[in-house]
1. To the nearest Å, what is the center-to-center distance of the stretch A:1-76 and the stretch B:291-357, using C-alpha atoms only?
2. Which one of A:Leu50, B:Ser431, C:Leu18 is farthest out on the positive end of the charge dipole of the protein assembly as shown, using unit charges on Cβ (Lys, Arg +1; Asp, Glu -1) and the Cα centre as origin?
3. What is the sum of charges around B:Val39, taking Lys and Arg as +1, Asp and Glu as -1, for the other residues whose C-beta is under 13 Å from the C-beta of B:Val39?
4. Mind checking B:197-205 for the average number of partner chain beta-carbons within 10 Å of each residue's beta-carbon?
5. What ranking do B:Trp244, B:Trp162 get, fewest neighbouring Cβ atoms within 10 angstrom at the top?
6. In Å and whole numbers, how far do the C-alpha atoms of the protein assembly as shown stretch along each principal axis, longest first?
7. Any idea which of A:Gln361, A:Gly457, A:Ile163 is furthest toward the positive side of the dipole for chain A, if Lys and Arg beta-carbons carry +1 and Asp and Glu beta-carbons -1?
8. Quick one: which of B:301-313, B:213-225, A:426-438, B:336-348 comes out on top by average Cβ neighbours within 10 Å, and what's the full order, highest first?
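Every number in this text was worked out from the coordinates using simple rules, so none of it is lab data. Bear in mind that the values here come from a model prediction, so they are computed numbers and not experimental data. Here Cβ is always computed from backbone atoms with ideal geometry, including for glycine, and neighbour counts include all displayed protein chains.
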Amino acid sequence: MKYDIVIGLEIHVALLTESKFLCSCATAFGAPPNTQCCPVCLGLPGALPLVNEQAVEYAVRAGLALNCEINHFSRFDRKNYFYPDLPKAYQITQDVFPICTNGYLEYYIDDVLRRTTITRLHLEEEAGKLVHSSGSIVDSEYSLVDYNRAGIPLIEIVTAPDITSPRQARLFLEQLRLLMLYMGVSDTKMEEGSLRCDANISLKPAGSTVLGTKVEIKNLNSFRALERALEYEAARQSRVLEQGGEIKQESRTWDERSGRTLSMRSKGDAPDYRIFPEPDLPPLRLEPDWVFRIRETLPERPLERLHRLEESYGLSRYESTFLVNYADFCQVFLELAEEGEDNTDLANLLMGDYARLAREQGHLEPQRLAGLLQILQEGLITHNQGKAVLEELFKSPLSAREIVKEKGWEVLKDPAQLKGVVQQVLTANSELVERYRGGEEKLWGFFVGQVMRTVQGKADPQMVNELLKGELTQKS
Amino acid sequence: MRRLAELLQSKQISSTEIVRGCLERIEETEPVLNAFITVDEEGALAQAAAADRRRAAGEPLSPWDGIPLAVKDNISTSGLRTTCASRFLRNYTPIFDATVVERVKRAGLPIVGKTNLDEFAMGSSTEYSAFGVTKNPHDPLRVAGGSSGGSAAAVAAEQVPWSLGTDTGGSIRQPASFCGVVGLKPSYGRVSRYGAVALAPSLDQVGTLARKVEDAAILFSLIAGADPRDAVSAGAPGFPVPVWDDTVVRGLRVGVPEEFFSSGLNEEVEKAVKRALQNLADQGAVLQPISLPTNEYAIDTYLTLVTAEASSCLARFDGVRYGERVEAADANTMFAKSRGAGFGHEVKRRIMLGTYVLSASHYEAYYEQAQKVRTLIKQDVARAFQEVDVIVTPTTPTTAFKIGEKRNPLEMYLSDLYTATANLSGVCALSLPCGVDSQGLPIGLQIIGDHFGEELVFQVAHAVEESVGRGTGSEV
Amino acid sequence: MIDRQDVMRMARLARLELSEEEIELYQRDLNSFLVSGRKLQQVDVSKVEGTSHAVAVIGELRPDVVGESLPQEAVLGAGPQVFNGFFKVPRIVEGQE
Ligand SMILES: [Zn+2]
């Protein structure tokens, strides 16, 4: 039987605040263990939480970017469960009244624009970090707890189950990550856990409207893991169903090494989080003016930028996508590009050698890059020399023009001077000239090379070609 | 206290002498009373010496600089053991001061020690303490009340001039009534809860106990007012000590709720309270029969909410970050063993009950229902305050009962019958002595004021105190 | 009626190791509470919302400013078991198939 895949995602995004969600400890990554803690985030008796305004603003910004309704009344709740990384043995979250609801995210699958519904977005606090003695929770004799991360603000974004393939799930998540990055609300570093994703997946007979039993997959720490885990799980469920089996509603974890999802055995009782309204925090009431101001100052969204690059800067989907995906390159581009013109050359420069060098050494000041573009357009140097100048720009504080001057790389522009060089080369190789004239045409490249070597590459190849042609045909 | 302050100011007495006096009195009476869990002789004397130096330099921190107090042992004191009368925290020393402690220290008040209570303030007799029962100074075979039994007994026995307690359902007023002292439960949000170990955050308030109304007001003036660390205290006004004006009674509308004078009320208590009411009427107050029909649900509502919130608040005591751990091979067993061994029966009983009412299948029937009934109770109280200025009731149905007399927990919970309503509705209430019964046991009168109506409550209490003091109505 | 199984389940949820005696005790107490609490369920609450906060306070938000954290010694000071700057806990049972 053919099955339709039904996928819904839950994404946790760590917000880029300076201080934690409910206390004023720093959020910086990588500090020595338990050095960014206070009575509040340690859950010491008597300590009380206080909501970070910036976290609320980021949540609203993310919600607006996702076309959500921003709820002027929302409430915090306690989700109770015991775990060594959870200092208060409850997580402060928003259950019944989340801050944002009912939005959507648009993204391209190939060239088709797709839309996924965002059911809700809410604020909550992060737990601490566990280090397991043997490296894995399964067989560790003991674990170590670091509460530096405990209390960092998170938003949880929940999609409707309207994603229909593992690839779509990945494309959705990529677009979501980009959106969060563009909104400036998170550094979205998956390797540091700033962006995490759980996926719900079920199968149903093709065309059916009845949903199958869903399985939750946790521990999806990269785009690749998300796509692979979903592919594996879809195949597994399909196999089970084909064999007449039943899908068990459960949580599974993605095991990168074996490339499989593994059941997380739940011993005994189903979880019961005993969620109730958080009495220590008053409900959150947002002023409409405040929300309006955030809406007005919302940064450009990646999809809007993609369309702008295509429409106003004459770029292809390929080039635009590159620049949108690498916002830093895009920034360089937008500073140098001219609206209404064809900026393909600039885009290609950025995507080519510049991209390689910038990734290794960081970006150049856009104005220095502009200087290079300028002299290329003037024809002061050849394209090949452009590459060398670019390399120099990363090393030297000089401008492109100064580099060219210092290195003596100006193109030989005087045809008479170049003609002399060509004649000199042909005279020195008269025997080969005869052979060329005798039909050995592949020697052409040799003559070009000799000329270029003599002028140390500083000649316009086209001019060299023309002069050579003139000389070699003249005397035949 | 004004007299004491004058003596200090005129150097006729030193803080050191006062503190020494307290310590001597404690040494003399403690073997019988057991009002303290920790007496900080060294710390108190050091603080007194500092106060004396400030006086000598003419720079007292406040008029009350150097007048010592006792603090209930569920209020965090930096560097001074804070046990909550629990085995689990018997060696726990906070690393920060509760806001109220910070404030009394800022006024120069030396802390003599930490007073006994029912474990985590769960109880009405201070019998449920891991540090032994506190006896009633009027009759050592009887309870001091609870949960602030130690704070009330210490004041009544003149071990200290005044003290701090906490009140979640009557925990200041009931022991104040039993011990014959004045006890104030402030309006919800008027005093910071930061650093007071939570029992039920939507009900808890820190309040004051003293032998005189004015003294309770003075101590209250030192701790009242918004604290940026307690979100629900935002907007709370400070409290200047009132200029006493007993004419406020003239024309005062005093609500007398019939439900508080029905079955279960001890006759002698009723008589004393009615005499005090008559006294108020004689001074020109208008007694107005009112009805608080939902009061009959107060105890069950209170019990449901308090156990639910407490089950969550006490979950943090898991043996990971502080407290007494019982080692085990895995974390969950370690949690269960540590908590099982660290908590007393009443605490476990309430955690069990709270877990039950919050669990998924009972949440709606119990917890949510109780929240809604709480709304009805609030509405009843709000309606009453549209018609009257204050409500006067007995503080407790009986005078102090015998140690060990109440074996049934439900019977014990009924001690809060008249007091829980103020916590549920968030208004303020004060208990002051209004006579003694035939066995010489103090009888308490409760004056309930509207939200933030402490000034009027104190004024009325002061008037009642004056008339009781004049002997116009105290003997039964 | 709350049976023994319910009591055990609550105890597991609340991470309380109970003695045989305590299980019986709390089963009795929980049941007597439920009898008394039944009164509450008869109250007509159809016209009201629940109260989760004693008074309707407007929450003030905290500006995003980093304050001082505690020194590591203070953080770990009360820890029953610490190791290399971390709190140490025994094996977290959460096996996988
Ligand atoms: Zn902190």
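1. That distance is 27 Å.
2. Result: C:Leu18.
3. Counting the neighbours of B:Val39, the net charge comes to -4.
4. Partner-chain Cβ atoms within 10 Å, mean over residues of B:197-205: 4.
5. B:Trp244, B:Trp162
6. 142, 81, 54
7. A:Ile163
8. Descending mean neighbour count gives B:301-313, B:213-225, B:336-348, A:426-438.
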